[in-house]
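Down below is the structure, laid out as structure tokens.
The values are calculated or read from the model by the stated rules, or taken from the named source; none is laboratory data. Predicted model, so just to flag it, every value in this text is computed and none were measured. Virtual Cβ from ideal backbone geometry, glycine too; neighbours counted across all protein chains shown.
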């Protein structure tokens with residue numbers, strides 16, 4: 001059973017009366033900003049970063065060997 005046009009109009013009028021036109025337009029603006037931010041984030045994720053493609057142990061790698069060793073005590 002699909003809603004008729006009259007039912008949709010009544011719900012739309014009730015929503016406008018409850019929230020007001022200003023609040024609805026503000027919410028829609030926030031939704032649009034969220035979508036733009038999401039798209040920008042997706043584009044940023046597609047670009048490979050230099051640290052993600054670098055392999056450990058390649059020349060220029062600043063990582064040091066940090067294997068645990070016995071500490072010497074100065075006495």
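A quick yes/no check of all residues on (1) modelled with pLDDT of 85 or more; (2) part of a loop (DSSP other than H, G, I, E, B):
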{"residue": "15", "(1), (2)": "yes, no"}
{"residue": "22", "(1), (2)": "no, no"}
{"residue": "45", "(1), (2)": "no, no"}
{"residue": "56", "(1), (2)": "no, yes"}
{"residue": "67", "(1), (2)": "no, yes"}
{"residue": "70", "(1), (2)": "no, yes"}
{"residue": "75", "(1), (2)": "no, yes"}
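Apart from one condition, residue 5 fits all of (1) modelled with pLDDT under 90; (2) loosely packed, with under 10 Cβ neighbours inside 10 Å; the exception is (1).
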